[in-house]
Amino acid sequence: MSDKRILIVAHRTAATPKLLDAVAERAAQGPSRFTLLIPRPYWDPDTEEAALTLELAIPLLDAAAGSHVQGIIGATDPVEAVRDALERETYDEVIVSTMPERVSRWLHLDLAHRIGRLGVPVSVVTAEQTERTLLPGTGSV
């Protein structure tokens with residue numbers, strides 16, 4: 001049996017507990033190879049933000065997967081970034097990791113459905129919202 005190939009599309013949620021759980025769950029189902037795709041941020045595509053996100057997320061994803069997770073930086077448009085990745089390699093599933101619905105640009109763009117039209121099964125993992133109370137004048141919790 002060959003490894004199941006899974007493409008993870010994420011940015012700010014690249015190392016959230018729900019995504020790490022989803023990766024661990026798939027790894028437990030059988031041999032899997034994961035690739036984390038970070039589209040360049042649309043608000044500042046020339047920064048190193050995507051590379052920093054990869055650097056921080058890969059060790060956590062490696063631990064969840066039980067093997068090395070490859071990291072790639074893609075086009076600013078996440079659909080274009082996924083299309084490019086699918087042209088380079090075959091994937092059995094795409095996991096889209098997003099912010100909570102009230103703040104997720106990707107959910108508002110119906111990203112999962114648009115990626116699904118590329119002919120690959122898509123799952124969505126939504127990060128949990130936290131309730132935080134900021135202390136007046138400190139900017140901290």
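Rule-based calculations on the coordinates, nothing more; no lab input. Predicted model only: the values in this text are computed from it and were never measured. Here Cβ is always computed from backbone atoms with ideal geometry, including for glycine, and neighbour counts include all displayed protein chains.
Nearest 500 deg cm²/dmol is fine: what mean residue ellipticity at 222 nm does the chain get from its DSSP H runs of n ≥ 4 alone, each adding -39,500 (n - 2.57), divided by its residue count? Don't skip to the answer; put the middle values down first.
Values: 5 runs with 50 residues, N = 141.
Taking each H run of at least 4 residues, the total per residue is -10500 deg cm²/dmol.
What's the local net charge at residue 69, with K and R +1, D and E -1, over the other residues with C-beta under 9 Å away? Show your work: numbers first, answer last.
Details: positive: 33; negative: 62.
For residues surrounding residue 69, the net value is 0.
With a cut-off of 8 Å between alpha carbons and a minimum separation of six or more residues, what is the relative contact order of the chain in percent?
Averaging sequence separation for qualifying contacts and normalising by length gives 28 percent for the chain.
When the chain is treated as a GNM, springs tying every alpha-carbon pair under 10 Å, which of 118, 107, 20 comes out with the largest mean-square fluctuation?
It is 118.
Between beta-carbons, use under 11 Å as the cut-off and find the net charge around residue 53, counting Lys and Arg +1, Asp and Glu -1. Walk me through the numbers on the way to the answer.
Details: positive: 12, 40; negative: 48, 49, 55.
My count for the surroundings of residue 53 gives -1.
With springs only between Cα atoms under 10 Å, which of 16, 76, 35 fluctuates most in a Gaussian network model of the chain?
Of 16, 76, 35, the most mobile in the Gaussian network model is 76.
Students often get this wrong, so try it: which of (i) 18.5, 64; (ii) 15.4, 58; (iii) 14.2, 42 is Rg and Dmax of the Cα atoms in Å as calculated from the structure shown?
Here the calculated entry is (ii).
Taking square-rooted eigenvalues a ≥ b ≥ c of the alpha carbon gyration tensor, is the stretch 42-125 rounded, prolate or oblate, where a/c under 1.5 means rounded and, failing that, a/b exceeding b/c means prolate? Before the final figure, lay out each step's value.
Values: a/c = 1.34, a/b = 1.11, b/c = 1.21.
Taking the square roots of the gyration eigenvalues as a ≥ b ≥ c, the stretch 42-125 is rounded.
At most 14 other C-beta atoms within 10 Å and a DSSP loop state: those are the exposed trypsin sites (Lys or Arg not before Pro) I care about. Give me the longest piece of the chain that has none. If you can, show how the numbers build up before the last one.
Details: sites that count: 102, 117, 132.
No qualifying site falls inside 1-101, the longest such stretch.
For the chain, modelled as a GNM with alpha-carbon contacts under 10 angstrom, which of 52, 60, 86 fluctuates the most?
52
What is the dipole size for the stretch 4-126, taken about its Cα centre, with +1 at each Lys and Arg Cβ and -1 at each Asp and Glu Cβ, in debye to the nearest 20?
Working: 13 positive and 17 negative charges, 75 e Å.
Here the size comes out at about 360 debye.
Rounded to the nearest 10 degrees, what's the angle between the helix 78-88 long axis and the longest principal axis of the chain, both from Cα atoms, 0 to 90?
Around 30 degrees separate the two axes.
Excluding residue 29 itself, calculate the net charge of residues whose Cβ lies under 15 Å from the Cβ of residue 29, where each Lys or Arg counts +1 and each Asp or Glu counts -1.
It works out to a net charge of -1.
Using modelled amide H (1.01 Å from N, peptide plane; none on Pro or chain starts), what sits under 5 Å from the amide H of residue 126, excluding residues fewer than 5 places away?
Answer set, sorted by chain and number: 98.
To the nearest Å, what is the center-to-center distance of the stretch 1-35 and the stretch 65-125, using C-alpha atoms only?
Here the answer is 12 Å between Cα centres.
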